[in-house]
Each structure stands twice: as C-alpha cells, then as structure tokens.
Amino acid sequence: MSQYLILIYERESGYAEGGPEVWEAVGKAHGRFAEQVGEKGGQMLGGNALQPTQTATTIRDDIVTDGPFTETKEALGGYYLIEASDLDQALEIAKLCPAPFGGVEVRPIMDMSGSAG
Amino acid sequence: MTAGDPGVAGDQPQAADPEVSAAIADAHRREWAFVLAATARVARDIDVAEECVQDAYVAALDAWSRQGVPRNPGAWLTTAARRRALDVQRRDRTLRSKLPLLIEPGSPPVTQAGPAGEPSAAGLAAGEGDVIPDDRLRLVFTCCHPALAREAQVALTLRLVCGLATAEIARAFLVSEPTMAARVTRAKKKISAARIPYRVPGPAELPDRLDAVLTVIHLLYTTGHTAPTGPELVRAELVDRAIGLARMLCELMPDEREARGLLALLLLTDARRATRTGADGRLLLLEEQDRSRWDRTAIAEGTALVTDGLRGRPGPPGRFLLQAAIAGVHAEAPSYAGTDWPQLLLLYDELVSAWPTPVVALNRAVVHAMTDGPEAGLADIEAIEREGRLSGYRYLPAARADLLRRLGRHEDAAEAYQAALGLTENAAERAFLAGRLAEVRSGAGAPE
C-alpha cells in the first residue's frame with residue numbers, strides 16, 4: 001500500500017458567492033466521500049479543510065508577509081491523506097472527491113522508510 | 001554449460017558473423033518487447049530490466065556465433081535476461097531501498113494470443129520448463145498510462161516497447177538527445193514514485209486506456225508520415241514501428257475491434273505512401289495520385305480487417321474502425337470521380353456521432369459537397385464557422401475556397417484562399433494555395 005495526498009484546489013469565490021446552501025451541499029458530499037474511500041478499497045488516514053487564503057501568512061527568508069505563497073485563481077482549500085494499493089486506485093478514489101469549483105491534484109507521499117537502511 | 005545455454009557470455013568475443021548479426025537485428029525488432037516485459041516482472045525495476053535485456057543481446061552475439069542461432073531466439077534472450085535480473089537482485093541489496101515496479105498479479109493473464117498462431121517468444125523457456133507469461137500488454141499499458149504526458153507516453157513506448165535508442169527517438173521528434181533522455185528518465189521516475197502499476201487495466205477502464213494506446217501508436221504513424229522535416233530514414237522507421245505495434249496489439253487483443261481498426265487505418269493510409277508526392281516533391285491531392293502504384297497487398301489486408309470489424313459485433317464501431325472504413329472506400333475506388341461518395345457520407349455520419357470533433361465535421365462537409373453539390377458543403381462549413389471552434393485551422397478556409405471556386409464565386413474564393421495562405425507555413429501547401437489563388441483571380445477557374 002502507498003500513501004497519497006489529495007489536494008483540493010478551488011476558486012474560493014465559488015463558496016463566497018454560493019452562500020450557506022452551497023457550503024452545506026458540498027459538506028455533505030465530503031461526508032459521502034469519506035465513506036466511499038473504504039468502499040473503493042482504500043483507507044482514509046486524515047484530512048482537513050483550510051481557512052481561505054486571505055487568512056494565510058507567508059514566511060520567506062525570515063520575512064513575514066500577508067497572503068498566500070503564490071496568488072492563484074484556484075487555491076488550496078483542503079486535503080485528504082489516503083492509502084491506496086497503487087496510483088490507479090488512488091485516482092479512482094480521487095475522482096470521487098468533491099471539488100465543484102476546481103479540481104484535485106494527487107501526489108504520492110515520499111516513502112522514507114527504505115532509504116535510511 | 002551445454003550448447004545453446006543462455007548463460008554467461010563466453011570469454012572470447014569473435015568477429016560477428018553476418019548471419020548472426022542479422023538474426024540478432026531480427027530478434028531485436030521482433031522480440032524486444034516480449035523479452036523486456038518478461039524481464040521487468042523479475043527485475044521489478046525498469047532500468048535494471050533494460051540493462052539486463054541489453055546485456056542479453058550482447059551475450060547472444062557471442063554465444064550464437066559459437067553455438068549457432070537457437071531455434072527460438074526470443075526464449076533464449078528472455079531466459080538470459082531473466083537470469084541476469086535474478087543475479088542483479090541477489091547481488092544488489094540497494095534495490096531494497098528503491099521502489100520496486102508494482103506488479104499486480106490480478107491482471108487478466110494474457111498468454112500467447114493471436115489468430116495467426118505465430119509463436120513469438122511465448123513458448124517454453126529454454127531449459128527452464130516453465131511458460132514465460134506474455135507481459136507485453138502490461139508494458140504497453142504502463143507506457144501509455146494517462147498519468148504520463150502524451151509526449152512521455154510516446155517516448156516511453158518507443159524506448160521500452162520498440163527498444164529504440166534515446167538518440168533515435170530524439171531525432172524522430174526533432175529534439176536534442178539530452179532533452180529526450182530527461183523526458184524518458186522523468187517518466188520512468190514517475191512510474192515508480194507515483195506507483196503506476198505494471199498491469200493491464202480492468203474491463204471498466206479498458207476502453208479509455210486502450211484508446212490512449214491507440215492514440216499513441218497513431219501519433220507515431222502520423223509523425224513519421226507527415227514530418228515536415230527530418231531525415232527520410234527516421235520517418236520511415238517510425239511508420240514501420242507504428243504498423244508493427246498496431247499488429248502486435250491486434251495479435252494480443254484479438255477481440256478489440258478498435259485495435260483492428262487502427263491497423264487497418266495505418267495499412268490503408270500507408271498503401272498510398274509512394275504516391276503522396278510528385279517527382280518535384282510537391283504534395284499530390286488524392287485526385288492526382290497514380291492509383292496503379294498503390295500497394296494492393298496492404299489494401300487487401302486493410303479492407304479485410306475493416307469488413308471483419310464491421311461485421312456482427314455488438315455496439316457501434318469506434319473512431320479508428322470508421323476512419324479505416326473511410327480510407328478503405330478511397331483505396332478501393334477506381335478513380336476519384338468513381339469514388340462511392342454516398343457510402344462515404346454514411347460513414348462520416350457515423351464518425352461524427354462516434355467522434356464529434358469540428359475537424360471530422362469539416363471532412364464530412366467536403367464529402368457532402370460531392371454527394372449533394374458545393375452549396376450543400378458550403379452551408380455545412382458556414383455552420384462550423386459559426387461554432388468558432390476551428391478558427392485558425394487552415395484547412396477550413398482552404399475547403400471553403402475550393403467550394404466557392406467550384407461555384408464560380410471567384411472573388412469570395414480569392415478571399416478564402418488568402419485567409420488559408422495566412423495560416424500555413426508549409427511550403428508545399430503554400431505553393432498549392434498560391435496557384436489556386438492566381439487561378440481564381442484571373443477568372444480561369446471555371447465553375448464545375
């Protein structure tokens with residue numbers, strides 16, 4: 001089994017403009033997704049939603065500045081850490097991850113266990 | 001060591017016997033994919049597998065010179081390469097810290113398929129007594145995985161499935177060798193780091209995944225077929241490799257009619273290879289080509305594949321089979337005027353629904369003009385123009401200009417030829433368009 005991070009990139013304005021109904025519907029979809037990971041043979045190891053980028057603070061060369069690391073139209077808004085047998089299974093799971101105002105990126109977690117020995 | 005044993009290479013390298021060299025070149029072309037695919041399963045690392053297979057070919061040169069070419073060169077090479085891979089694994093403990101190639105045992109077993117019954121290397125391994133599974137499909141599907149960029153899929157397929165050297169691939173795609181080497185290395189790294197499994201996709205994913213494989217092979221063919229520059233030889237090599245890959249796929253997946261469709265399409269297109277350019281290097285239109293010089297053997301094979309593919313299967317035919325059927329109608333027509341245009345229109349209607357792209361719609365419009373007159377085709381083209389998805393596509397104004405010319409609307413035609421000229425850099429095409437422009441400007445292009 002390998003671990004993958006599913007990064008959710010979306011236009012933040014989608015939620016701001018959509019109001020509470022959108023927020024609730026997407027929240028429900030995420031609840032369903034958490035169940036589907038197991039149904040697809042993977043395992044949910046964790047995940048979180050992030051506060052919007054306007055709350056971000058960046059540190060570069062010890063200099064603290066307001067704002068995200070890079071300004072992008074679609075910003076990182078949340079993530080899941082999952083375990084899957086291979087990339088095909090991870091992608092099958094990630095396809096179910098709700099991201100109505102953008103998409104998701106799947107990144108394999110680097111396996112550091114073997115390199116030390 | 002007994003005679004014919006693919007073990008360690010002898011200590012006395014001898015001058016290469018031309019017969020042996022030819023046998024090795026032949027085995028490289030025919031068996032590379034099989035040998036590498038089978039070795040990757042043992043080596044569990046693509047780079048190691050490649051090295052072992054290369055070593056096996058080097059060892060073969062020496063062993064075959066001394067002992068004669070074995071009855072089944074593919075099996076000899078596979079056994080030699082797999083032994084080396086096992087040796088490397090035993091010796092090289094550092095492999096443990098690397099990410100091994102992910103072999104999924106659950107993939108549908110594919111052993112020695114093929115209606116032709118050509119045994120390839122899939123027989124008994126020399127001296128081992130076990131049947132080596134045919135893993136070529138795993139190799140192809142891994143190279144064409146959707147998580148890899150199209151250009152990486154193409155490069156990996158040529159490198160791993162065809163066994164082409166990086167320098168050769170770089171030349172074919174007009175990039176520098178370091179650029180191509182980096183592209184191949186990145187792709188291999190992604191396969192192991194992201195854990196792309198070494199397997200044939202399951203039935204649910206198969207149609208999409210197969211389409212990606214067919215698209216890569218088709219791209220290889222068209223690159224070889226229409227390359228605007230580049231040495232002649234490299235282009236011919238790509239064309240041959242693409243046809244070889246399509247043939248291999250048909251053999252390994254005899255029930256996939258899109259695979260047959262692709263092979264048929266390549267054969268039927270390639271049958272016209274010798275007549276595509278005139279003595280002066282000018283691109284010849286279908287109308288102008290010398291049909292007596294078309295390759296009738298290739299046409300017969302292609303049309304047989306199309307007929308078989310269209311017959312009695314459930315579901316509508318896919319885009320490759322339909323394009324092959326269209327190429328078949330052209331190939332079998334006695335002349336341009338004698339082409340079965342109504343049949344072509346029916347096939348294009350099916351193609352438009354199987355593969356609704358504006359380029360297909362444009363080609364259909366040209367055929368529509370042949371069945372129902374230039375006005376009908378022109379109306380179709382104007383509808384496509386209104387959609388706006390083909391703006392900047394040079395064949396749109398060119399097709400429009402041709403229909404306007406045939407209607408005798410010389411001023412409108414001249415304007416469209418101008419637009420087409422503004423969109424192409426290709427010298428042969430520019431010369432053709434400029435000729436037509438001069439013709440309509442002088443009013444010589446009489447309405448048909």
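Values quoted throughout were computed directly from the atomic coordinates according to the rules given, and no laboratory measurement underlies them. Owing to the predicted nature of the structure, the values given are computational and were not obtained by experimental measurement. Quick reminder, even Gly has a Cβ in these numbers, built from the backbone with ideal geometry, and neighbours come from all protein chains shown.
Which value in deg cm²/dmol, rounded to the nearest 500, describes the helix-derived mean residue ellipticity at 222 nm for chain A, given -39,500 (n - 2.57) per DSSP H run of n ≥ 4 and division by the residue count? Walk me through the numbers on the way to the answer.
Numbers: 2 runs with 36 residues, N = 117.
My calculation for chain A gives -10500 deg cm²/dmol from helical runs alone.
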To the nearest 20 debye, what is the magnitude of the charge dipole of segment B:172-276 about its Cα centre, counting +1 on the Cβ of each Lys and Arg and -1 on the Cβ of each Asp and Glu? 360
Nearest 10 degrees, 0 to 90: what angle lies between the long axis of helix B:257-270 and the longest principal axis of chain B (Cα atoms)? 70
√(5λ) per eigenvalue of the Cα gyration tensor, the protein assembly as shown, largest first, Å: 44, 39, 22
Would you be so kind as to identify which of B:Gln289, B:Ile24, B:Ala420 lies farthest towards the positive end of the dipole of chain B, taking Lys and Arg as +1 and Asp and Glu as -1 on Cβ and the Cα centre as origin? B:Ile24
Debye sum, Cα scatterers, segment A:2-108, no solvent: what log₁₀ I/I(0) at q = 0.14, 0.19, 0.20 1/Å? -0.60, -0.96, -1.03
Treating only the Cβ of Lys, Arg, Asp and Glu as charged (+1, +1, -1, -1), what charge dipole size does chain B show about its Cα centre? Round to the nearest 20 debye. 1260
Find which of A:Ala49, A:Tyr9, A:Pro100 sits farthest along the positive direction of the dipole of segment A:2-108, computed with +1 on the beta-carbon of Lys and Arg, -1 on that of Asp and Glu, about the Cα centre. A:Pro100
Relative contact order (%) - criterion: Cα under 8 Å, at least six apart; region: segment B:270-358: 24
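What does the highest-first list of B:384-394, B:191-201 look like by mean Cβ count within 10 Å? Each step should come with its number before you reach the end.
Numbers: B:384-394: 13.3, B:191-201: 21.6.
Highest mean packing first, the order is B:191-201, B:384-394.
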Roughly what angle does helix B:73-91 make with the longest principal axis of chain B, taking Cα atoms, 0 to 90 degrees, to the nearest 10? 60
When the helix-only estimate is applied to chain B (DSSP H runs of n ≥ 4, each -39,500 (n - 2.57), divided by the residue count), what is the mean residue ellipticity at 222 nm, nearest 500 deg cm²/dmol? -20000 deg cm²/dmol
Farthest positive-ward along chain B dipole, Cα basis, beta-carbon charges - from B:Ala331, B:Leu263, B:Ile103: B:Ile103
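Taking every residue in A:26-32, how many Cβ atoms of other protein chains lie within 10 Å of its Cβ, on average?
Whole-number average of other-chain Cβ neighbours for A:26-32 is 0.
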Max mean-square fluctuation residue, GNM over chain A, Cα-Cα springs under 10 Å, options A:Glu24, A:Glu74, A:Glu105: A:Glu24
Shielding by partners for A:77-90, please: the mean number of other protein chain Cβ atoms within 10 Å of each residue's Cβ. 3
Of B:Thr371, B:Thr166, how do they rank once you tally other Cβ atoms within 10 Å and put the fewest first? B:Thr371, B:Thr166
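So for chain B, Kirkwood radius off the Cα pairs, Stokes-Einstein at 20 °C and 1.002 mPa s: how many µm² s⁻¹?
After rounding, the answer is 88 µm²/s.
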Which angle from 0 to 90°, rounded to the nearest 10, does the C-alpha axis of helix B:296-310 make with the longest principal axis of chain B? 90
Using Cα pairs under 8 angstrom and six or more residues apart, how large is the relative contact order of segment A:2-108, in percent? 51
As a footprinting exposure proxy, order B:Lys189, A:Lys73, A:Lys40 by other Cβ within 10 Å, with the fewest listed first. A:Lys73, B:Lys189, A:Lys40
Could you give the size of the charge dipole of the protein assembly as shown about its Cα centre, using +1 on the Cβ of each K and R and -1 on the Cβ of each D and E, expressed in debye and rounded to the nearest 20? 780
Beta bridges per DSSP with both ends in the protein assembly as shown, % antiparallel, nearest 5: 95
Using the structure shown, select from A:Lys28/B:Lys190; A:Lys28/A:Lys73; A:Lys28/B:Lys189 the pairs with a Cα to Cα distance greater than 31 angstrom. A:Lys28/B:Lys190; A:Lys28/B:Lys189
